[in-house]
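Q: My structure is below; once you've seen it, I'll send some questions.
The values are calculated or read from the model by the stated rules, or taken from the named source; none is laboratory data. On a predicted model such as this, the values are computed, not experimentally measured, just so you know. Note that we place each Cβ from the backbone using ideal geometry, even for glycine, and neighbour counts take in every protein chain shown. Note: accessible area is taken over every heavy atom of the protein model, side chains too, but ligands, DNA and RNA are not part of it. Shrake-Rupley method; radii C 1.70, N 1.55, O 1.52, S 1.80 Å.
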Amino acid sequence: MTSSRKRSRSTRRKPAFRRLIVIGGAIGAFVLVLAAWFTLAPARLDPAAAQQAVERSGKLLEAGNATAAREAAFAAVRADPGNAQAHLTLARAMLALDDGASAEPELRRAVEAGYKPKQVAHLRAHALLLQGEEEKALAEAGKADPQYRAYALRIRARALAALGKLPQAFAAIDEAVRAAPRDAEIRVDSGRLKLDAGDVLGAIRASEQAVKLNGGNLDALVLRGEMVRSQFGLVAALPWFEAALKRDPADHGALIEYAATLGDAGRTLDSLAATRRALAARPGSPHALYLQAVIAARAGNTDLARGLIERAGPGLAQIPAALLLGGALDIEAADYEQAMEKLKPLVANQPMNLAARKLLAVALLRTDSARNAIDLLRPVIERGDADSYALTLAARGFERIGDRAAAAQLLDRAAWPERGGTTAFSAEDSTIVLAADADQRAGDPAALVPLIRALIGQGDKAGALAKAQDLAARHPGTPAAHLLVGDTLMLTNRFADAAGAYRRAADLRFDEPTMLRLIEALDRAGRGADAANVLALFLSQNPVNVAALRLSGGWQLAAGDYDSAIDTLELLRTRIGDGDAALNADLAVAYAGADEFEAAEDLGEAAYALAPANPVAADAYGWALYKNGDTGAAVELLQKAVLLAPRHAGLRWHLAQVYADLGRKPEARQQAQAALADPRFTDRAAATALAQSS
């Protein structure tokens, strides 16, 4: 009985207890809402302060400081949440910062507070475009008020370009230019559209016009910096990015371009500082994390670099260089499947990216896909100037499938100390397929490039040259067109004419591939002084460029300027590390020439350990041993070098001198005569004297 009464009283209490819990929770939530209100909302409305903040935000936007403009607009909204102009100004600042997702609700609030939808349609189109809604952006741009027609046309052009409709995009941006000829933002969009279409000259001129119209426009300054970097070099571009960052020190886009330029110019600490500022402005920025990964990889901290790539996540899929770096780091970590996930789409989108092909081949070889690796490398190894690494990779692939004859032939080529002449990259599609694609994409210069390369690959040099010259005439602002003309002229041994074509390309984009082509053409045309000037100019703007440093060091060695060669090659070693056999061999020769024999021997030994089958490495080590007094050990290595590369005059001459020092005069004379048989051999007076000695 007692127990029954207890259960009854307990049962009666439960609903009341639950009601208390619910009421208490509601009161708690209400208290939290009140606390948030008193924390975030203004103590009182201040329309005057809001209007002042709106005006301040507008002036900051005009001055190019969108970050500060956004903060001022936020203050305006807090001071008077019902102020339509405050919400509109905040939306404009967010659009300037490429934050379409945040701009769109502010535009909605502006309409709710009094603006007509038609008055903000152009801005809403911009917000939708930034969120990847190109079709919706086009529809919204069509609703814009006539007074904002130029702005709406800008957005229309960008949306059409994103949808791949370039002719319509150009028509829209040209119409915008006519509607507002003094609008710097339209010139910037025009320049970017032309740059994406390959019209570098058009982009250069648009950037010049944009800066002329509004020298304080941040987007104009950034675009001008990019074009100066392309046209003249890294160092020349830095002041433009610095000028942009004076306008808005927290602008993410400007910080990324500045950091990348600093890093490529060798200013690592400054570059790292800029990436940190970019991350502060946009937490989790894939671009900033990628640049930090590059810095870490260059410093040898591959674990950190890989971690940064992983942190960046899928945002890196749109950055080809990031995919390349990520693939390389995955291979080093033996994660070959993940490497292939990055590298396969990169090679598919950029079939002429030789570095990506070689990395993907490594991953394929290490997952027992030798035939796929060989197929991937075939366009590379069929080139006369194929590098030893690609040749060795392909040889390993042939070894895996049992074709030892093909492997041996490739290894012989890899061991040869000189590379062949430059040839065109082979096209993988037939000329019929490529010609049909070019016909379907009439007016697109990029469609003709693979067709011309295919014609070169098939030996139709006259047909390739005619198409290349026609392409360059119709698209004079496209560097690739002039490069194709030069490449075809090189194949017909018209080196001076090729140099002219390459120089026209360099006037538009003075990058590493153009620099190397121009120098080779000038050198083979007998204009060595002009080639040296080109290299010096490139290095003045790109002081730590690997290819330029290697070329410069090689020239200094050939000229006997050993101290300068040491400086150049040591700088190169800080850039790429100690694992390059050719670099160690060059350094060994340079130190031997500078009478620093201990260093020469150490570096020669390092080169030989990395590549014992390479005749240059064997020669460098042997020569360093000879200079350091170990003639007995030296002669064996120098004999091996000559055995590996019997047609190389320089190796013969080194062996001749050692034989003479050992008193083996007949053998010394024989080697000297063999060296003199090569018309390119330069040390002819000393070799002639030795060859004629009794």
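Q: Read through the list (1) among the small types (Gly, Ala, Ser); (2) at pLDDT 90 or above; (3) open to solvent by less than 20 Å² (accessible area, probe 1.4 Å), then give the number of the only condition that Gly402 fails.
A: Among (1) among the small types (Gly, Ala, Ser); (2) at pLDDT 90 or above; (3) open to solvent by less than 20 Å² (accessible area, probe 1.4 Å), Gly402 violates only (3).
Q: Next up: Mind counting the residues in the stretch 344-371 that are without any contact (Cβ under 8 Å) to a residue 12 or more places away in the chain and surrounded by 17 or more Cβ atoms within 10 Å (Cβ to Cβ)?
A: Summing the residues that are without any contact (Cβ under 8 Å) to a residue 12 or more places away in the chain and surrounded by 17 or more Cβ atoms within 10 Å (Cβ to Cβ) in the stretch 344-371 gives 1.
Q: Condition check: farther than 19 Å from Lys358 by Cα and either at pLDDT 50 or above or touching a helix residue (DSSP H, G or I) at 6+ places or on another chain (Cβ under 8 Å) (or both). Does Asp437 satisfy that?
A: Considered against the rule, which asks whether it is farther than 19 Å from Lys358 by Cα and either at pLDDT 50 or above or touching a helix residue (DSSP H, G or I) at 6+ places or on another chain (Cβ under 8 Å) (or both), Asp437 comes out as yes.
Q: On to the next question. Take the residues of the stretch 632-675 that are part of a helix (DSSP H, G or I) and among the charged types (D, E, K, R): which is most open to solvent (accessible area, probe 1.4 Å)?
A: For the stretch 632-675, the residue satisfying everything is Glu636.
Q: Answer yes or no: is there a residue in the stretch 107-119 that is small (Gly, Ala, Ser) and under 30 Å from Pro181 (Cα atoms).
A: Narrowing the stretch 107-119 to residues small (Gly, Ala, Ser): 110, 113-114.
Of the ones still in play, those that are also under 30 Å from Pro181 (Cα atoms) are 110.
Taking every residue of the stretch 107-119 in turn, at least one turns out to be small (Gly, Ala, Ser) and under 30 Å from Pro181 (Cα atoms).
Q: Here's a follow-up. Any idea which of Ala244, Ala176 is more than 20 Å from the chain's Cα centre (by Cα), over 21 Å from Gly64 (Cα atoms), modelled with pLDDT of 95 or more and open to solvent by less than 20 Å² (accessible area, probe 1.4 Å)?
A: Just a single option satisfies the conditions, and that option is Ala176.
Q: Within the stretch 139-169, can you find the residues that are surrounded by fewer than 21 Cβ atoms within 10 Å (Cβ to Cβ) and either in contact (Cβ under 8 Å) with a residue 24 or more places away in the chain or at positive phi (or both)?
A: Lys143, Asp145, Tyr148, Arg149, Ala150, Ala162, Leu163, Gly164, Leu166, Pro167
Q: Another question, if that's okay. In this structure, is Asp174 outside any helix (DSSP H, G or I) and of a type in the set (Asp, Glu)? Give the steps one after another, and end with the answer.
A: Values: outside any helix (DSSP H, G or I): no; of a type in the set (Asp, Glu): yes.
Here the answer is no, as Asp174 does not meet what is asked.
Q: In the stretch 186-236, what count of residues is obtained for those that are open to solvent by 30 Å² or more (accessible area, probe 1.4 Å), closer than 25 Å to Asn545 by Cα and part of a loop (DSSP other than H, G, I, E, B)?
A: 1
Q: Out of Pro239, Pro283, Pro249, which single residue is part of a helix (DSSP H, G or I) and open to solvent by 40 Å² or more (accessible area, probe 1.4 Å)?
A: The match here is Pro239.
So that you can scan it fast, the table gives a plain yes or no per residue for (1) modelled with pLDDT of 95 or more; (2) in a helix (DSSP H, G or I):
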{"site": "Asn533", "(1), (2)": "yes, yes"}
{"site": "Ala547", "(1), (2)": "no, yes"}
{"site": "Gly554", "(1), (2)": "no, yes"}
{"site": "Gly560", "(1), (2)": "no, no"}
{"site": "Leu569", "(1), (2)": "yes, yes"}
{"site": "Asp578", "(1), (2)": "no, no"}
{"site": "Ala582", "(1), (2)": "no, yes"}
{"site": "Ala590", "(1), (2)": "yes, yes"}
{"site": "Glu601", "(1), (2)": "yes, yes"}
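Q: Go through the stretch 458-503 and give me each residue that's open to solvent by 70 Å² or more (accessible area, probe 1.4 Å), in a helix (DSSP H, G or I) and touching a helix residue (DSSP H, G or I) at 6+ places or on another chain (Cβ under 8 Å).
A: Lys461, Lys467, Gln469, Arg474, Asp497, Arg503
Q: Just give me the residues in the stretch 55-69 being assigned to a helix (DSSP H, G or I) and buried (at least 24 other Cβ atoms within 10 Å of the Cβ), in sequence order.
A: Ser57, Ala66, Ala69
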